[in-house]
Amino acid sequence: MDFLDPDRAQMLALPPVAPPVETVTSVRLGRDYYVRVAGNDYSVDPSAIGQLVDVRTTLDRVTASRSGRLLADHNRCWAARQTLTDPIHVETAAALRHQFQHGPPLAADQLVRDLADYDRAFGVDFISSTVTSEGEVA
């Protein structure tokens, strides 16, 4: 067998252009805020849910970005069917979920200022008046 003969073994020359070792794809980030690369799932900042993100894959990294803003940076996993999650992404998702379920917090003093602005604009003393079940000011 010639390929085992050390006297005949030769290395081939490198190609003139280096082979590509990274890929870049654009995907719309789903509600689960994960992107799939080679059978593995990588978390992405959930503030980008529903938007197109650029996923860059190299031999050792998986990153996601949007408009130049880095949304995720993970070590590449070569095992199969793994889920890689950044704890910060989980915290952000929890905060966004809470905000969606309960609405943004409104400080009491801001509410009083808003009602006073309403009173001045419409000539109604909303703070001391009552609202009927039909939504009218009594």
(Q) Just the residues that are closer than 14 Å to I49 by Cβ, of a type outside the set (V, I, T) and in contact (Cβ under 8 Å) with a residue 24 or more places away in the chain, please, taken from region 59-107. (A) A64, L71, A72, H89, A93, L96
(Q) Here is a check on your reading of the model: is L70 assigned by TED's automatic domain parsing to the domain that holds V35, touching a Cys at 6+ places or on another chain (Cβ under 9 Å) and not acidic (D, E)? (A) no
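The values are calculated or read from the model by the stated rules, or taken from the named source; none is laboratory data. The structure displayed is predicted, hence computed values, not measured ones. For neighbour counting, all protein chains shown are included, and Cβ atoms are generated from backbone atoms with ideal geometry for every residue, glycine included.
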